[in-house]
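Notes for the one structure printed next.
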Amino acid sequence: MGMTMTQKILASHAGLPAVEAGQLISAKLDLVLGNDITTPVAINEFKKAGFETVFDKDRIAIVLDHFVPNKDIKAAEQSKQCREFACDHCVSHFYDVGKMGIEHALLPEQGIVTAGDCVIGADSHTCTYGALGAFSTGVGSTDMAAGMATGMAWFKVPAAIRLELTGKLPANCSGKDVILTIIGKIGVDGALYRSMEFTGPGVATLSMDDRLCICNMAIEAGAKNGIFPVDEVTMAYLEGRSKRPPVVFAADEDAVYESTVEIDLSTIVPTVSCPHLPENTRPAAELSHIKIDQVVIGSCTNGRMEDMETAYRTLRGKTVAPGVRCIIIPGTMEILRECVERGYVTAFIDAGAVVSTPTCGPCLGGYMGILAAGERCIATTNRNFVGRMGHVDSEVYLASPATAAASALTGYITNPTGASS
């Protein structure tokens, strides 16, 4: 019986000739990731278990991104604990103020994750790295602690769903519209503990930023991971960036998939996920009556350079609607620097937006844009659960950067089709 791409990576890291769905395995890890919220819990568990050393200082990444620069005393104490642990164990990939970025934007950018890797992270959106042809998945802080100490983790090998992509995206549509469309089609549990494996001729038309966005939200369909094949786009992205040689795995011709979902990219329209679940999707064109109070463009889903470019094309020379707060958060310091050098930051400020240093900030209701009761936000983030961005009586609408930026100009959810370019 043939194996999927995910199953091949897991078999390789488990030292087995083959694995099958449902099998329990123990696999070697190429990277263990934590952030300023989850790492302190992992450190406590690490010490409680009696561990004294990490398995490999070069294969652990600790990224301070949720509340950094620190928003309060608790955040400062958490960051301090991370700094001390990283220093004590000589952790190579430690990112603090001035070097940090939103973890799932930063690690691909810095080449810390590459094709063929097996990665765990104490953050649910660790599934982002499937865009690079890696197996990556979120775990709890206890698993992170064990991974840091042993370099191993156990998995139940997931069954797979094949997402067959054809066609090419229309103008003003992006990977965010693709994944929102898919989640709207299959539901938030449609891929529960499955591997979402993207295939088909449409894959080649998607940029790396599109793929990173799509894999980032695989967890919102309940998936264990999302993964794209390694092609010319992947290799071009990894060249000169990857810290280790990529290892390319490909699904067997006779790989077993539980189901196949066909997506014609040419039929995708600007899509919005309405409160309070990512599966509650509707075309942006049907929501023009929804008045908004805030716009957030950023997060580990859509804080990359293409997202900043989209926001710039839409906002330059225009003005954010009265009464709308527009918050733009580049995903990494490199992206922020590029925005400064290209003049994007000036254009954003001239339009009436504010620009932040990289942070998860408002996405999880942390800071930099908390909502009051009754307020509505359209955001390029990944979750719109009750109270996700503030008060339990606030509402979050998920959308692409194009839709979010267009909405900032009108004060209502706006279909970006026809927006200035």
What fraction of the DSSP beta bridges in the chain is antiparallel, stated in percent and rounded to the nearest 5? 20 percent
Could you tell me which of Ile62, Val345, Asn415 has its Cα farthest along the dipole of the chain towards the positive end, charges placed at Cβ (Lys, Arg +1; Asp, Glu -1), taken about the Cα centre? Val345
Pairs of lysines in the stretch 168-296 (C-alpha under 20 Å apart; 8 or more residues apart or interchain): 5
Which residues does the label zone of Asp189 cover in the stretch 212-243, counting backbone N under 15 Å from a point 7 Å along Cα→Cβ? 220-224
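Compute the length gained on full extension between Lys156 and Ser207: take 0.36 nm times their separation in residues and subtract their Cα-Cα distance, giving the result in nm to one decimal.
Details: separation 51, 0.36 × 51 = 18.36 nm, distance 3.07 nm.
Fully extending the segment from Lys156 to Ser207 adds 15.3 nm.
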Dipole axis of the stretch 1-118 (+1 Lys, Arg; -1 Asp, Glu on Cβ), positive-most option in Tyr95, Gly22, Ala76: Gly22
Cα Rg, Dmax, the stretch 341-381, angstrom units: 12.3, 38
Give me D for the stretch 230-389 in µm² s⁻¹, whole number, from Stokes-Einstein with Rh from the Kirkwood sum over alpha-carbon pairs, 4 °C and 1.567 mPa s. 71 µm²/s
Once you have the Cα-Cα distance between Val247 and Glu232, take 0.36 nm times their residue separation minus that, and quote the gain in nm to one decimal. 4.0 nm
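What accessible area per residue, rounded to a whole number of Å², is obtained for the chain using a probe radius of 1.4 Å? Present the calculation step by step, with values, prior to reporting the outcome.
Numbers: 15600 Å² over 421 residues.
Solvent-accessible surface per residue comes out at 37 Å².
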For Asp350 paired with Thr166, estimate the spin-label separation in nm (one decimal), with each label point 7 Å from Cα along the Cα-to-Cβ line. 4.5 nm
Report the normalised scattering of the stretch 205-289 as log10 I(q)/I(0) at q = 0.27 Å⁻¹, calculated by the Debye formula with identical scatterers on the alpha carbons. -1.51
What value in Å³ per residue do you get for the convex hull of the alpha-carbon atoms in the chain? 127 Å³
Separation between the Thr53 and Ala76 pseudo-spin-labels, each 7 Å from Cα along Cα→Cβ, expressed in nm? 3.6 nm
Segment Thr417-Ser26, length gained on full extension (0.36 nm per residue, minus Cα span): 135.9 nm
Under a point-charge model restricted to the Cβ atoms of Lys and Arg (+1) and Asp and Glu (-1), what is the dipole moment magnitude of the chain relative to its Cα centre, in debye to the nearest 20? 660 debye
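Using a 1.4 angstrom probe on heavy atoms only, work out the carbon and sulfur share of the accessible area of the chain in %. Don't jump to the answer; show the numbers that get you there.
On the way: 8130 of 15600 Å².
Ligands and nucleic acids excluded, carbon and sulfur give 52 percent.
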With the crude spin-label approximation of a point 7 Å out along Cα→Cβ, what separation in nm comes out for Val97 versus Glu84? 1.8 nm
Going toward the positive end of the dipole of the stretch 179-231, with +1 on Lys and Arg Cβ and -1 on Asp and Glu Cβ, which of Leu192, Val230, Ile182 do you reach last? Leu192
Need one number for the stretch 352-421: average projected area of the convex hull over its C-alpha atoms, nm². 5.0 nm²
In terms of modelled amide H atoms, which long-range or inter-chain residues lie less than 5 Å from the amide H of Arg325? Gln294, Val295
Would you kindly calculate the mean projected area, averaged across all directions, of the convex hull enclosing the Cα atoms of the stretch 1-143, in square nanometres? 8.9 nm²
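The values are calculated or read from the model by the stated rules, or taken from the named source; none is laboratory data. Since we're looking at a predicted model, the values are computed, not measured. Positions of Cβ are generated from backbone atoms using ideal geometry, with glycine treated the same way; all protein chains shown enter the neighbour counts. Calculation scope for accessible area: heavy atoms of the full protein, side chains included, ligands and nucleic acids excluded. Shrake-Rupley method; radii C 1.70, N 1.55, O 1.52, S 1.80 Å.
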